[in-house]
1. For the chain, modelled as a Gaussian network with Cα springs under 10 Å, which listed residue fluctuates most, 82, 22, 40?
2. What distance in nm separates the simple spin-label points at residue 39 and residue 23, each placed 7 Å from Cα in the Cβ direction?
3. With a 1.4 Å probe and every protein chain left in place, work out the accessible area per residue of the stretch 1-44 in Å², rounded to a whole number.
4. At 1.4 Å probe size, put 54, 63, 75, 12 in order of accessible surface, largest to smallest.
5. Just the accessible area for residue 73, please: 1.4 Å probe, Å², rounded to the nearest 10?
6. How large is ³J(HN,Hα) for each residue in the stretch 57-68, as worked out from phi by the Karplus curve 6.51 cos²θ - 1.76 cosθ + 1.60 (θ = phi - 60°), to whole Hz, x for Gly and Pro?
Amino acid sequence: MRFWHFWFNSFVLSSQYNPPRFVEMLMVLLAIVMLIVWNFTLQTPYMILGWSFVIGASISILVREAIAPSPDIRVNQLAAFFFLSISLYGFVYVFQTL
């Protein structure tokens, strides 16, 4: 029980300390879940929702870094551009198969 209490407190502290990063992390985690579900079911709505979460999180990262740069700005921007390019490739794949 102490283990779960520690993770819950870390979760709450993380959401209070830096809310934009928390929302971005949550969007990326939901995207991972949706893409895993899509991998097993091969239903297009799961993939579209997963890639939409990835696009939203990467644009949010780029906007946050433009407004208030962090010390590791280059790594964050490269990761955001990488996520954005992969999600755009995913959308092209979806529309070619429809």
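The values are calculated or read from the model by the stated rules, or taken from the named source; none is laboratory data. All figures in this text were calculated on a predicted structure; none of them were measured in a lab. As a convention, Cβ positions derive from the backbone with ideal geometry for all residues, glycine included, and neighbour counts pool all protein chains shown. In case anyone asks, the SASA skips ligands and DNA or RNA and just uses the protein heavy atoms, side chains included. Shrake-Rupley method; radii C 1.70, N 1.55, O 1.52, S 1.80 Å.
1. Evaluated over the chain, the most mobile residue of the options is 40.
2. My value for the distance between the label points is 2.8 nm.
3. Details: 3770 Å² over 44 residues.
For the stretch 1-44, the per-residue accessible area is 86 Å².
4. Ranked list, largest accessible area first: 75, 63, 12, 54.
5. Counting only protein heavy atoms, the figure is 50 Å².
6. Once rounded to whole Hz, the list reads 5, 5, 5, 5, 5, 5, 5, 4, 6, 6, 7, 9.
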